[in-house]
Amino acid sequence: MMLALASAATWARAPETAVVDKPDALAPIAKLAQQPPTQVAFAEARFSALLSRPLVVSGQLSWEGGDRLQRHVDSPYVETTRIVDGEVSMHRAGRGTRHFSLDRAPPLKALLDSLVAVLSGDRARLSKVFTPRLDEDGGGQGWTLTLKPKSPRLARSLAHIRLDGDDRGLRCMLITEANGTLSVDLLGPLAARMPTQPTRANLTALCRHAE
Amino acid sequence: MPNSSLRARVALLSVWLLVLALLGLYVMRTLRVSTDLRSFMPPPATADQRLLMDQIGSGPGSRLLLVALGGAQPEKLADLSRGLADALKQDARFSQVVNGDFRPDSLPSSLLPYRYLLSPTLDTHRLDAAYLHDQLQQRLEDLASPAGGLLETWLPRDPTLEVLKLAQRWSPPHAPTVRDGVWIDKQGEALLLVQTRAAGFDPGAQQEAIAALRKAFDGLPGHEAATLTLSGPGYFSVVINKQTRHQADWIGYISTIGFILLLLLAYRSPSALVLGALPIASGALAGLAALVTFYPQVHGITLAFGFTLLGVAQEYPIRLLSHRRGGASNLQSVRGLWPLLMTAIASACIAYLAFYASGVPGLQQLAVFTICGLLGAGLTTRYALPRVLPQRFVDVADTPGLARFRRFLDNLPRPRWIPVLVTAGVAVMLIFAPGTFWQNNLAKLTPLPAKLLKTDARLRAALGAPDVRYLLVLDAPTADGVLALSEQVRPKLDALVKQGALDGVELPSRYLPPRAVQRARQRKLPDHDALVAALKQATAGMPFREDVFAPFVRDVDKARALPLLTPAMFERSPLGQRLASMLVRRGGNPQVRGQGASGTPVTASSTSWVGLATLSGVHDPAALAALSAQTDGKVRLLDIKQASESLVAAYRSRILKALGVAILLLIVTVSVALRSLRRAWHVLGPMTLATFLVLAVERMAGIEISLFHLVALILAAGLGLHYALFFERETGDPAEQRRTLHATVVCVLSALLVFGMLAWSSIPVLRAIGLTVSLGVAFHFCLSILMAPHAESDRAAEE
């Protein structure tokens, strides 16, 4: 699916060592907080059981502050999706605009929750909707934040969200839906490195291992 | 002797009470009170009135309850909204519950292949390679969009998104925004639309439905934190009933206490007071027993009117109590009184026969109740009450001050021109009275609090709920004809919506297209091989897995061979009930009319169908009414308010006709009883003039006359007849004259007490009755004294 954020460029401070299993285990997340508006490039691959190869789109993600996000696709076609206060409007060139309520798409709402929580440094919000877990890479270079939905209702559509980052900021966002569909968003400079034939394996490798 | 007489009194009293108890038991067991306005109204005369009586009370708009849940966080309210909707869907009292929850399964799985016959897609496209390619290209883009997750489950079965198109087509046109999966309005309240099975104007059934709704809400976990707000015609009818009853009860308690004090003061005997209540209780029970014996159902308004009219009977025991003479037994007193009392009772009963002849079921019931009630009260006053009253009493002729009051009244000037003056005054007042004469809008008599109306307007606007006043009526010989007509006028209505004549319309064909349309769509479906080939061509170069669309091909194959969908088959789906309430069979169906409703002549051989389309936000009724001319009257605008007001007017004209006959009967009866036209004039003259004087004064005060005013006028006239009869009586005995005055004063004061209290009510219907009777009693009293013929002869006798 979609959205992920945080300008890697503005994420320049060295992270402190994440201490797992302590009350403030999520402290490093606070370091990702940014001042809106902020923008980042993304490239997304979606793996679905209906498809024999993933769908790839790329464009820009913008956070305008509050619960307002915009996802602008410029390749292979032009499409703009805006989430403003619970209402989603989707405009595709030549197809008009579709509106729907954010609540009709629970995984999308979860994504908004997680992303806005991370970008605004709101760890309480993160813990309200999800059970978060932070894992660090052996080398202390990268980290992975895994978010599992707390409500059974949300869990019926969303398996988990995974955010990968390193000392320069967010690199990837992986959304696994309950039916097994996986969306991988490469963020920032990484967006330019979408493989021509993306697979779950090569994308996971790209997200996990900073060069 | 005193012992045996006491024993006889107690025995008779016991038998009397036993008979009353048995009657009461019989009535309680058999009485079925109907609150459905239809069983009270006269037979409809016009097509609109007939439709109103047949269906509109149970028409779709009037059966809608608007529900708002507030006072908590939206997520909590959304849970409650879902819980309430689930509970109500299980309840047979509700035919539809919508809360904005998007259910792709608004068609049951077995009906899903019908989506190709129901959705308009095939009107403009074919399921060929070009169309499928374009659709699938879009689906790929959809899949890669944030909405992709919504789509995945349905895509293999429905790649052209027909289910989504139907869901959009079937959701209310101006629904509120959906948050947390349910409708939440701008104030953060969760909104629901609930359709009851019961008619909107049946407060009894609505009360049950609303109680069930509240119970369902109270059964939800965490409901304590939230508030439940209701609105809609059904809810209003319940509120009005409750409010009116509450105030009537409250006023009733106070006036009862006053009445008891008055009687104690007048007769200084508690036993007289208690025993004096028995005749009217007997009358009421006799009237009720007669009603339940002859009619399967009694309308609530008939009962209310009946008990009002029965108020006359309270005069009978009062007359007996006041006219007991010192030195004479109760029986001797009553025998002296009876000829006159019998004249009063008989003439009233004969007059009420006119109501029976009116042919209106409500009025017939009223006549049966009142005649039996008056006879019951009169006969028990004559034959039972004197035998149980104590033999010792105070002769009221010696009441202090009474003689002086009598002398004062006798000394009043009685100019012969009084009738002329009153007649002229009445004429002038009636001519110059402001406003319209009749009030046909019964709703005005029971107005709703402004707060409720504001809430209703707000919820109605937020939900885009249909207008309660207007309906579009579609006439056709068959149900399918109605659907075809509906489809035919749709473009015209869409144009009217664009022009701003109305905000929206919900036509029956929105849910089910006519057979011809379904057939045309079915014929456009490709056969199996063509579809498979088209799919193969369409998906060339796309990343869809092979055979991913097999469920789609299966559904199209099925749809091609399906028998066309009929309203009866459609009824199984959640939306079928919605359609059923919009398609009504007329004639040849005894189920359509409720029991006890008036027997409209229906030609059983010819059945026809009526479609009821609900309208919302009607701004230009004239533009909609013009549709009738364009469709040869097959599609017309029904103004429910106008139709119901014309019904009330028809009802009133029946009452007035009955009254005219009643007056003639009264003149004949009184003339025969008094054996003198001149004496009859002295009785009927004051009564008639006083009645018109009340009418004129109320009209001069700007009051518009309703059915309730008319009934109150009839009661007042009944009381006035008594005053005039007794004042007219020549006895030549000053003490007897004082007793007459005493009885009349007690009657007048008690009537003023009971109805004067009602006149202060804040509810117009109670005020209408109270004010009219109070004014009536005062005018009747004054005029019957001033127009009494024999003041001089009395004085002569006294001297």
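When averaged across all projection directions, what area in nm² does the alpha-carbon convex hull of the protein assembly as shown cover? Provide the component values of the computation, followed by the final result.
Values: hull surface 212.9 nm².
Across all orientations, the protein assembly as shown yields a mean hull projection of 53.2 nm².
Within 10 Å of each residue's Cβ, count the other Cβ atoms and sort B:Tyr383, B:Tyr356 from fewest upward. Walk me through the numbers before you get to the answer.
On the way: B:Tyr383 13, B:Tyr356 17.
Neighbour counts put them in this order, fewest first: B:Tyr383, B:Tyr356.
Listing B:Ser486, A:Ser62, B:Ser333, B:Ser171 from the residue with the fewest other Cβ atoms within 10 Å to the one with the most, what is the order?
Details: B:Ser486 27, A:Ser62 18, B:Ser333 22, B:Ser171 15.
Ordered by Cβ neighbours within 10 Å, fewest first: B:Ser171, A:Ser62, B:Ser333, B:Ser486.
Were the residues from B:Thr731 through B:Thr293 laid out at 0.36 nm apart, the gain over their Cα-Cα distance would be 153.4 nm. Taking the longest Cα principal axis of chain B as reference, the axis of helix B:528-538 is set at about 70 degrees.
Could you give the alpha-carbon Rg of the range A:29-195 over 2.2 N^0.38 Å, rounded to two decimals? It would help to have the intermediate numbers written out before the result.
On the way: Rg = 15.5 Å, N = 167, 2.2 N^0.38 = 15.4 Å.
So the range A:29-195 has a normalised radius of gyration of 1.01.
Take the Cα of A:His99, step 7 Å toward its Cβ, do the same at B:Ala21, and the gap between the two points is 7.1 nm.
If you average the C-alpha positions of the range B:201-259 and of the range B:103-146 separately, how far apart do those two centres end up, in angstrom? So the separation of the two Cα centres works out to 47 Å. Among the trypsin sites (Lys or Arg not before Pro) found in the range B:377-417, those both in a DSSP coil and sparsely packed, with 14 or fewer other Cβ atoms within 10 Å of their Cβ, are B:Arg392, B:Arg416. In this structure, the residue pairs whose Cα-Cα separation is over 24 Å, taken from B:Lys186/B:Lys492; A:Lys31/A:Lys148; B:Lys186/B:Lys451; B:Lys454/B:Lys641; B:Lys498/B:Lys524, are B:Lys186/B:Lys492; B:Lys498/B:Lys524.
May I ask you to sort B:Arg636, A:Arg82, B:Arg675 by Cβ crowding, counting other Cβ atoms within 10 Å and putting the fewest first? Walk me through the numbers before you get to the answer.
On the way: B:Arg636 21, A:Arg82 17, B:Arg675 8.
Result, fewest neighbours first: B:Arg675, A:Arg82, B:Arg636.
Counting, for every residue in A:43-51, the Cβ atoms of other protein chains within 10 Å of its Cβ and taking the mean gives 5. Its alpha carbons give chain B an Rg and a Dmax of 34.6, 127 Å.
Values in this text are rule-based calculations from the coordinates and carry no lab data. Note that the coordinates shown come from a computational prediction; the quantities given were computed from them, not determined experimentally. Backbone-built Cβ (ideal geometry, glycine too); neighbour counts: all protein chains shown.
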